[in-house]
Amino acid sequence: MAHLTISKLLAKSAAKKPATRRYPAEKRTPPKGARGRVTMKQLETCVFCGVCGKKCPTRAIAVKRAEKTWEIDRLKCILCGECVEVCPKDSLTMEEEHAAAFVAKRIESHVQRPQPAPPDPP
Amino acid sequence: MMIETQPLEPLDRAALPARVAALAKEGWRLVQICCSCRDAYEVTYSFDREGRFLNLRIGFSKEDPALPSITESYFGAFAYENEMQDLFGLRLDGLKLNFHGNFYRLAKKNPFLDPPAAGSPGASPAASPSAPSAEGAPRAAPDPRPT
Amino acid sequence: MKTALLGALLWLVVAPILGGLLAGADRILSARLQGRVGPPLLQPFYDVLKLWDKRGGVVNRFQNFYMLAFFAFVLVSGALFFAGGDLLLVIFALTVAGVMLALGAWSTNSPYSHVGAERELLQMMAYEPMFLLMAVGMYLVGRSFHVGVLARAEVPLVLALPGVFLGFLFVLTIKLRKSPFDLSASHHAHQEIVRGITTEYSGRGLALFEVAHWYENVLLLGFVWLFFSFNPALGIVAALVVYFLEVFVDNAYARLTWRTTVRATWAAAALLGVSNLILFQYFAR
Amino acid sequence: MSRRTIIPFGPQHPVLPEPIHLDLVMEDEKVVEAIPSIGFIHRGLEKMAEKKDFQEMAYIAERICGICSFIHSMGYCQAIEAVLRLEIPRRAEFLRVIWGEMSRIHSHLLWLGLTADAFGFESLFMHTWRLREKLLDLIEETSGGRVIFGVCKVGGVRRDVDAEALDRLLAALADLEADCREIAAVFARDASVQRRLSGIGVLPKEEALRLGAVGPTLRGSGVPSDSRRLGYAAYDALDWAPVTEEAGDCRARCLVRMREIAQSFDLIRQAVAKIPEGPVSAKVVGAPRGEYFARLEQPRGEVVYYVKGNGTKHLERFRVRTPTFANLPPLLKILQGCELPDVPIIVLTIDPCISCAER
């Protein structure tokens, strides 16, 4: 039986810098390889094959081929990264930074603009 | 890879209490009770003694959903038995701590009793969203996968 | 007479500010001991202001009346003390305040409040002997029960009554509501009785409780100061040291049960307090 | 005075953020009887398996519990692999052990912190969780997730950890281990802590076995039962023995978990030393047909994964028996006759995860 067994630890912590941080002012850099959020990095390369949406376990991703739209519902996404792994064109990436918090449900939508027609051969 | 040998001992419903009492005397630990129901009920009682695994399996028809309780030998079985009662609509005779269907607060009575989906077993509801559900019971909404 | 009135007035005005600042410093120190950044110094004031603005839900109409009575008795008790009044009266007024708090908790229907009230009374039973021993000890040394007289005592009280002082520090932990004796209402609701005595209070009632607790803390540190009154500056330093020592102890102990509390405090009262008084009587002759 | 009052405990109680409700029948501060009710959040995940692709289900299985997440997905994958008779690469098995043990340390640290909070030792709680946070950082560095690892899949694991990263992991774990020892000393020796844990909630050995206790609850009563002894994954290649304590009280259960933290550090070191080179996943062919009970050791005790496949990509029956489910009956027993201040501590010492018990 001993009293004040934690005192050394307490004294040490009081002398050191706190382990917590003042969050919005001081942000943490996530480690390499962290699964933060799925983003459509290169919309121009996307062929809207829809494999990402089919492989998504929570059906968070919707791909509309006709409208050339790629959509993600971040509240459904569980950050497994399957979509990034299966993407044949490497259009999708997993970013390390988390998506910012938001207050209203919304679906993030990316629409591919019609690409300029290739110049006519002379 | 390790695959455990898992002996499965078919047993008659009436013989269950005596068999379980004998196991309790021998010092087996009740690991779990698992009920499943497709065309008929199938209840598996698993026991363990120093790493050895033993299963007793009881099968009976849907017409007579009753089982003798084993809470006499293993009081801890009340949790599993109440679960079976709530999810599968079984009647447990002699259950020592009976919640009378209120062990789980469920939106629907005996939700595990239905076959999984209409048509072929394991048919994906996403694949056939308009398929009529079995027994007219409202099924959970199909995955809202955009088409 | 004039100084007495001035003392009481000063108490009424300065004590809540001082108590609030102490509470803020307590929270920062606690946070640092736990490796956290902690809230700003003025956080307790923000908290009380916020509580004051909140809608207060009361269970019955007596509840806030008892809280007001608790507040009033704490104020009276402190005013008597800082006016240099009778020490016994101060202690008993403080006791009545505690009873009011317990009655307030009893008036509600919450079982948590009831258990909290019961524990509050048990706590009073635990610290009361030591408080009375302190009054008796001070009387023996200073030949008076009057705080005004005791403050000018020729013999430094702490030197004549070291045991009583230590015993007082022991029960001070109960009054400051600190671990290991924060049974009836800990600073955190993370407790089996959900903050116990104040479970059913909200809004202004709870704000009143907080402010009363600041007053109480300053009054208790006044007792500490009294032990060192031969040198008022030293007394203030001693009071602050004692307060931060209590914060440290709060962080170094688990919460104990009421049985252990009563046993430990009575043992402390008997060992430290009574033996001190006997020895003092013996050598003073 | 023997007036009986009923004190409701939960489902929302600041000490126990778990949806379990106990009606405590009290005589003053003594508990005469505890009547449980659960089922506030039954999620029907077992039924969901009948609609999901069996490979996707690994993600769902991991989400059965937000604390012992990794071993849930590991249990699911092991059960499917056994039915499929799928041999997974040895390196994957070692990685599963490493992650599994990290998950165990994280869960035990979380539990120790909550227990400290239950007996009103805020600073100990904060310091325990400070260490847990360091471990979560390590989990994130190796797996990409902090609590939900998301690395287990049918056929192996989804990402490899290279030798350099493993070395960094070992160095960081060595620091963490020293810090954990500091905390462990407080739990094991501090007088006020002992007063709240020793002799409280005693579960005798026979009672523990008869009521079906598992994990640290069972080992705290002196039964050396640990599912890792079955030798699944790479545990057959490691040198270790189950941790037991004899007393059967809250302190014994606490000591078991503390010693298991130390043991997990050792197991990770052994696994890193012995890990073979090679691929980390095998190709999955076909669909499961047959049934299997996979038994694994969660931080909270033995978990049983039962899968029954009929040759389609949807399972016919999927069942999980989580350790908390098995530990509920012993809990009711040890609550009888205790004092109110001890209730949260006793409830916590079985490390209840009601959300995971209600799949």
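Find all pairs meeting these conditions: Cβ atoms under 8 angstrom apart; at least six residues apart or on different chains; first residue within segment A:9-28 and touching a residue at least 40 places away in the same chain (Cβ under 8 Å) and open to solvent by 90 Å² or more (accessible area, probe 1.4 Å); second residue hydrophobic (A, V, I, L, M, F, W, C) and part of a loop (DSSP other than H, G, I, E, B). The qualifying pairs do not exist here.
Restricting attention to segment A:33-60 and to residues that are open to solvent by 10 Å² or more (accessible area, probe 1.4 Å) and aliphatic (A, V, I, L, M), the residue that is nearest to the chain's Cα centre (by Cα) turns out to be A:Met40. Being open to solvent by 90 Å² or more (accessible area, probe 1.4 Å) and at pLDDT 85 or above is a condition met by at least one residue of segment A:75-84. Among strands (runs of 3 or more DSSP E) entirely within segment B:1-77, having at least 3 residues that are in contact with a Pro (Cβ under 9 Å, 6 or more places away or on another chain) and open to solvent by less than 40 Å² (accessible area, probe 1.4 Å) singles out B:52-61.
For segment D:1-16, the set of residues classified as assigned to a loop (DSSP other than H, G, I, E, B) and under 18 Å from C:Gly196 (Cα atoms) consists of D:Gly10, D:Pro11, D:Gln12, D:Pro14, D:Val15, listed by residue number. Based on this model, can you work out whether C:Phe244 counts as more than 17 Å from the chain's Cα centre (by Cα) and open to solvent by 30 Å² or more (accessible area, probe 1.4 Å)? No: the conditions fail for C:Phe244. Tell me, yes or no, whether segment C:128-135 has at least one residue that is of a type in the set (Asp, Glu) and either over 17 Å from C:Leu176 (Cα atoms) or in contact with a helix residue (DSSP H, G or I) (Cβ under 6 Å, 6 or more places away or on another chain) (or both). The answer is no, given that none of the residues of segment C:128-135 is of a type in the set (Asp, Glu) and either over 17 Å from C:Leu176 (Cα atoms) or in contact with a helix residue (DSSP H, G or I) (Cβ under 6 Å, 6 or more places away or on another chain) (or both). Is it true that some residue in segment C:44-53 is free of Cβ contacts under 8 Å to residues at least 24 places away in the same chain, in contact with a His (Cβ under 8 Å, 6 or more places away or on another chain) and under 30 Å from D:Trp129 (Cβ atoms)? So far as segment C:44-53 goes, no, none of its residues is free of Cβ contacts under 8 Å to residues at least 24 places away in the same chain, in contact with a His (Cβ under 8 Å, 6 or more places away or on another chain) and under 30 Å from D:Trp129 (Cβ atoms). The criterion of at least 1 residues that are within 9 Å of chain B (Cβ to nearest Cβ) is met by the following helices (runs of 4 or more DSSP H) wholly inside segment D:259-359: D:323-335, D:354-357. Contact annotation: residue pairs with Cβ atoms under 7 Å, 6 or more positions apart or on different chains, pairing a residue in segment D:126-138 that is more than 9 Å from every other protein chain (Cβ to nearest Cβ) with a partner that is among the acidic types (Asp, Glu), are D:Leu131/D:Asp179.
Checked against the criterion of being out of contact with any strand residue (DSSP E or B) (no Cβ under 7 Å at 6 or more places or on another chain) and on the phi > 0 side of the Ramachandran plot, the candidates B:Gly51, B:Gly27 yield just one match: B:Gly51. For segment D:227-237, the set of residues classified as in contact with a strand residue (DSSP E or B) (Cβ under 7 Å, 6 or more places away or on another chain) and either of a type in the set (S, T, N, Q) or open to solvent by less than 10 Å² (accessible area, probe 1.4 Å) (or both) consists of D:Ser227, D:Arg228, D:Tyr232, listed by residue number.
Report whether or not D:His127 is surrounded by fewer than 24 Cβ atoms within 10 Å (Cβ to Cβ) and farther than 22 Å from D:Arg295 by Cβ. No; evaluated as a whole, the condition is false for this residue. Only a single criterion out of (1) in a helix (DSSP H, G or I); (2) touching a helix residue (DSSP H, G or I) at 6+ places or on another chain (Cβ under 7 Å); (3) open to solvent by 20 Å² or more (accessible area, probe 1.4 Å) is not satisfied by D:Glu245, namely (1).
The set of residues in segment D:15-36 that are within 14 Å of chain B (Cβ to nearest Cβ) and either open to solvent by 20 Å² or more (accessible area, probe 1.4 Å) or under 22 Å from D:Val151 (Cα atoms) (or both) comprises D:Pro19, D:His21, D:Asp23, D:Glu33, D:Ile35. For the criterion of being part of a helix (DSSP H, G or I), open to solvent by 10 Å² or more (accessible area, probe 1.4 Å) and out of contact with any strand residue (DSSP E or B) (no Cβ under 6 Å at 6 or more places or on another chain), D:Glu207 passes. A search for C-beta distances below 7 Å between a residue of segment B:12-39 that is at the interface with chain D (Cβ under 8 Å from one of its Cβ atoms) and any residue that is of a type in the set (Gly, Ala, Ser), counting only pairs 6+ apart in sequence or on different chains, returns B:Ala24/B:Ser73; B:Arg29/D:Gly212; B:Leu30/B:Gly76; B:Leu30/B:Ala77; B:Leu30/D:Gly212; B:Val31/B:Ser46; B:Gln32/B:Ser46. Inspect all residues belonging to segment D:144-157 and state whether any of them is crowded, with 24+ Cβ neighbours inside 10 Å, part of a helix (DSSP H, G or I) and more than 7 Å from every other protein chain (Cβ to nearest Cβ). Looking through segment D:144-157, none of the residues is crowded, with 24+ Cβ neighbours inside 10 Å, part of a helix (DSSP H, G or I) and more than 7 Å from every other protein chain (Cβ to nearest Cβ). Exactly one residue out of C:Ala233, C:Ala207, C:Ala239, C:Ala252 is among the small types (Gly, Ala, Ser), more than 25 Å from A:Leu10 (Cα to Cα) and open to solvent by less than 20 Å² (accessible area, probe 1.4 Å): that is C:Ala207.
Taken over segment D:248-262, the criterion of being under 15 Å from the mean Cα position of the chain (by Cα) and surrounded by 20 or more Cβ atoms within 10 Å (Cβ to Cβ) is satisfied by D:Arg253, D:Cys254, D:Val256, D:Arg257, D:Met258, D:Glu260, D:Ile261. Cβ-Cβ distances below 9 Å connect the following pairs, each with a first residue in segment C:172-197 that is more than 26 Å from C:Pro129 (Cα to Cα) and modelled with pLDDT of 70 or more, a second residue that is hydrophobic (A, V, I, L, M, F, W, C) and open to solvent by less than 10 Å² (accessible area, probe 1.4 Å), and a separation of six or more residues or different chains: C:Val194/D:Val15. Among the residues of segment D:63-94, just one is touching a Cys at 6+ places or on another chain (Cβ under 7 Å) and within 12 Å of chain A (Cβ to nearest Cβ), namely D:Ser73.
Against the test of being farther than 19 Å from C:Leu271 by Cα and more than 14 Å from every other protein chain (Cβ to nearest Cβ), the options C:Ala79, C:Ala117 yield a single qualifying residue, C:Ala79. The condition (being open to solvent by 30 Å² or more (accessible area, probe 1.4 Å) and either touching a residue at least 12 places away in the same chain (Cβ under 8 Å) or not aliphatic (A, V, I, L, M) (or both)) is satisfied by just one residue among C:Arg61, C:Arg119: C:Arg61.
The values are calculated or read from the model by the stated rules, or taken from the named source; none is laboratory data. All figures in this text were calculated on a predicted structure; none of them were measured in a lab. Heads up, the Cβs are rebuilt from the backbone with ideal geometry, glycines too, and the neighbour counts pull from every protein chain shown. Heads up: the accessible areas ignore ligands, DNA and RNA and are worked out on the full protein's heavy atoms, side chains in. Shrake-Rupley method; radii C 1.70, N 1.55, O 1.52, S 1.80 Å.
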